[in-house]
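Novice: The structure's right below; bear with me while I get my questions together.
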Amino acid sequence: MANGNFTRVTEFILTGVSESPDLQIPLFFVFLVIYGLTVTGNLSIITLTSVDSRLQTSMYFFLRHLAIINIGNSTVIAPKILINFLVKKHTTSFYECATQLGGFLDFIVAEIFMLAVMAYDHYVAICNPLLYMVVVSRQACFLLVSFTYLYSFSTTVVVSCCVFSMSYCSSNVISHFYCDTVPLLALSCSDASFPETVVFISASTNLMFSITVVVASYFNIIVSILRIRSSEGRKRAFSTCASHMTAVSVFYGTLLFMYLQPRNNHSLDTDKMASVFYILVIPMLNPMIYSLRNKEVKAALRKFLTNY
């Protein structure tokens, strides 16, 4: 960019979920309920898997960390959305925007890999039950979770630095309800080819690796279940991974719907609704998905409430 007079951006303006004034208060209460249910449900999962002796297996260890990630991802985005529903000027400072993008990337990448780790855990439990305690030992669980957090953090640092190393001048209106990579790249007044490449490679690599692990795990799981002769055994094996299959299908279905749309059918409103779904609605649904079909979690909840 040639040297010249320009005003460097110190704050951004978010367009929000909806620009209609009449919808601000109703949407505030809708999102408040969603966020409240998300925090309550996931805190319940964290508490139950921490205090109940029957839920001290690797499956519930990973579920506890998925709940932590869900709370983190929602908390990075939801409070700012709720505040913007109540104020007229939807501004966010440069550094607040960078922090929000970093937090969002950190938790969304961690969720992608945690779902892959949970799929692998189910694969070992069903396909290699005799080796389960050896392959998915306590040390292995800590290593997998630590790698997930470390990798998500390193990815966040690289992508965030690329996005915010660019120059932002004049235009500062982000066509979204939170600071995301695509609308930020569109606002830059400098060459965005390198940051766009980094974002694309990072997103595609993470998604393809995670989806490959999930698909390969469940392909082998389904083959193993079909080989079980008794119908009761097949039913019990399927119920073990049914909740995770549901959660994975909803999460990846939303992401693929959002990113695989044809360009001519791509709309900002569709992006916003898809973002609301995988950032806020899915973290709210996950505790229900993992609890309603799980007798151990329901029993632990009844025991906890009785003791309380």
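The values are calculated or read from the model by the stated rules, or taken from the named source; none is laboratory data. In this text, all values refer to a predicted model and were calculated from it rather than measured experimentally. So basically every Cβ, Gly included, is an ideal-geometry build from the backbone, and we count neighbours across all protein chains shown. For accessibility, only protein heavy atoms count, side chains too; no ligands or nucleic acids. Shrake-Rupley method; radii C 1.70, N 1.55, O 1.52, S 1.80 Å.
Novice: Taking the chain as a Gaussian network, Cα atoms linked when under 10 Å apart, which of S74, S146, S275 shows the biggest mean-square fluctuation?
Specialist: S146
Novice: What accessible area, in Å² to the nearest ten, does a 1.4 Å probe give for E111?
Specialist: 0
Novice: Rounded to the nearest 10 degrees, what's the angle between the helix 282-292 long axis and the longest principal axis of the chain, both from Cα atoms, 0 to 90?
Specialist: Compared with the principal axis, the helix lies near 10 degrees.
Novice: Let me ask another. Apply the Karplus parameterisation 6.51 cos²θ - 1.76 cosθ + 1.60, with θ equal to phi minus 60°, to every residue of region 161-175 and state each ³J(HN,Hα) to the nearest whole Hz, in sequence, with x for glycine and proline.
Specialist: 4, 5, 5, 8, 7, 7, 8, 10, 9, 6, 6, 9, 8, 8, 7
Novice: Heavy atoms only, 1.4 Å probe, whole protein assembly: order L23, L144, L86 by accessible area, highest first.
Specialist: If we order L23, L144, L86 from most to least accessible, we get L86, L23, L144.
Novice: Okay, next question. Can you send over the carbon and sulfur percentage of the accessible area for region 1-118, probe radius 1.4 Å, protein chains only?
Specialist: Working: 3530 of 5400 Å².
That share works out to 65 percent.
Novice: Using the crude model of +1 on Lys and Arg Cβ and -1 on Asp and Glu Cβ, and no other charge, please compute the dipole size for region 151-255 relative to its Cα centre, in debye to 20. Mind showing how you got there, number by number?
Specialist: Values: 5 positive and 4 negative charges, 176 e Å.
The calculated dipole for region 151-255 is roughly 840 debye.
Novice: Using only alpha carbon pairs under 8 Å that are at least six residues apart, calculate the relative contact order of the chain and give it in whole percent. All intermediate terms of the calculation are to be shown ahead of the outcome.
Specialist: Details: 333 pairs, mean separation 86.4, N = 308.
That works out to 28 percent.
Novice: Using only the heavy atoms of the protein chains and a 1.4 Å probe, how would I68, I174, I83, I46 rank by accessible area, largest first?
Specialist: Order by accessible area, largest first: I83, I68, I46, I174.
Novice: Please get the size of the charge dipole for region 76-207, origin at its Cα centre, with Cβ charges of +1 on Lys and Arg and -1 on Asp and Glu, quoted in debye to the nearest 20. Walk me through the intermediate numbers first.
Specialist: Numbers: 4 positive and 7 negative charges, 62 e Å.
Charge dipole of region 76-207: 300 debye, to the nearest 20.
Novice: With the chain treated as a Gaussian network of Cα nodes joined by springs under 10 Å, which of Q24, Q56, Q100 yields the largest mean-square fluctuation?
Specialist: Among Q24, Q56, Q100, the largest mean-square fluctuation in the Gaussian network model of the chain belongs to Q56.
Novice: Oh, and also: Given the rule -39500 (n - 2.57) for each run of at least 4 DSSP H residues, summed and divided by the residues of the chain, what is its mean residue ellipticity at 222 nm, to the nearest 500 deg cm²/dmol? Mind dumping the intermediate values first?
Specialist: Values: 11 runs with 226 residues, N = 308.
Here the helix-only value at 222 nm equals -25500 deg cm²/dmol.
Novice: Taking the Cα centre as origin and putting +1 on Lys and Arg beta-carbons and -1 on Asp and Glu beta-carbons, what dipole magnitude results for the chain, to the nearest 20 debye?
Specialist: Working: 19 positive and 15 negative charges, 271 e Å.
Dipole of the chain, to the nearest 20 debye: 1300 debye.
Novice: Arrange the residues Y252, Y35 by how much accessible surface each exposes, largest first, with a 1.4 angstrom probe.
Specialist: Working: Y252 15, Y35 45 Å².
Most to least solvent-accessible, the answer reads Y35, Y252.
Novice: Can you check how the C-alpha radius of gyration of region 116-162 compares to 2.2 N^0.38 Å, as a plain ratio? Intermediate results must be reported in sequence, preceding the final value.
Specialist: Numbers: Rg = 14.2 Å, N = 47, 2.2 N^0.38 = 9.5 Å.
Scaled against compact globular proteins, the figure is 1.49.
Novice: Given the chain, report the % of alpha carbon pairs whose separation exceeds 32 Å.
Specialist: Numbers: 15796 of 47278 pairs.
Result: 33 percent of Cα pairs exceed 32 Å.
Novice: Using a 1.4 Å probe on the protein heavy atoms only, what accessible surface does S137 show? Give it in Å² to the nearest 10.
Specialist: 30
Novice: Using only alpha carbon pairs under 8 Å that are at least six residues apart, calculate the relative contact order of region 96-164 and give it in whole percent. Before the final figure, lay out each step's value.
Specialist: Values: 32 pairs, mean separation 39.7, N = 69.
Relative CO of region 96-164 lands at 58 percent.
Novice: With springs connecting C-alpha atoms under 10 Å apart, model the chain as a Gaussian network and identify which of L66, L115, L82 has the largest mean-square fluctuation.
Specialist: Answer for the Gaussian network model of the chain: L82.
Novice: May I pose another question? Considering the dipole of region 111-240 built from charges on the beta carbon (Lys and Arg +1, Asp and Glu -1) around the Cα centre, which of V223, Y168, F209 is farthest to its positive end?
Specialist: Most positive-ward Cα: V223.
Novice: Applying the Karplus parametrisation 6.51 cos²θ - 1.76 cosθ + 1.60 with θ = phi - 60° to the phi angles of region 245-254, what ³J(HN,Hα) value in whole Hz is obtained for each residue in order, glycine and proline being reported as x?
Specialist: Using θ = phi - 60°, the values come out as 4, 5, 4, 5, 4, 5, 5, 6, x, 5 Hz.
Novice: Another question about this same structure. Keeping all protein chains in the complex and leaving out DNA, RNA and ligands, what accessible area do you get for R8 with a 1.4 Å probe, in Å² to the nearest 10?
Specialist: Near enough 130 Å² of accessible area.
Novice: Quick one: Karplus J couplings for region 104-109, per residue in order, coefficients 6.51, -1.76, 1.60, θ = phi - 60°, nearest Hz, x for Gly and Pro?
Specialist: 4, 4, 4, 6, 6, 5
Novice: While we're here: Find the accessible area per residue for the chain; the probe is 1.4 Å, ligands and nucleic acids are left out, and the unit is Å². Show your work: numbers first, answer last.
Specialist: Numbers: 16050 Å² over 308 residues.
Averaged over the residues of the chain, the accessible area is 52 Å².
Novice: Quick query: amide H of I174 versus all other amide H atoms, modeled in the peptide plane; which residues come in under 5 Å with a sequence gap of 5 or more or a different chain?
Specialist: Distant-sequence amide H within range of I174: I13, L14, T15.
Novice: Relative contact order of region 1-84: what whole-number percent is it, with Cα pairs under 8 angstrom and at least 6 residues apart?
Specialist: 32
Novice: What is the pair-distance distribution P(r) of region 162-214, computed from all Cα-Cα distances in 10 Å bins starting at 0, with each bin given as a whole percent?
Specialist: The calculated distribution, bin by bin, is 24, 43, 24, 8, 1.
Novice: Calculate how large, on average over all directions, the projected area of the Cα convex hull of region 1-133 is; give the answer in nm² to one decimal. Mind dumping the intermediate values first?
Specialist: On the way: hull surface 51.2 nm².
Orientation-averaged projected area of the Cα hull: 12.8 nm².
Novice: Something else about it: Going by amide H atoms built from the backbone, whose H comes under 5 Å of the H on C169, apart from near neighbours?
Specialist: The list, which skips near neighbours in sequence, is V9, C189.
Novice: To the nearest 10 degrees, how steep is helix 193-227 against the longest Cα principal axis of the chain, on a 0 to 90 scale?
Specialist: 20
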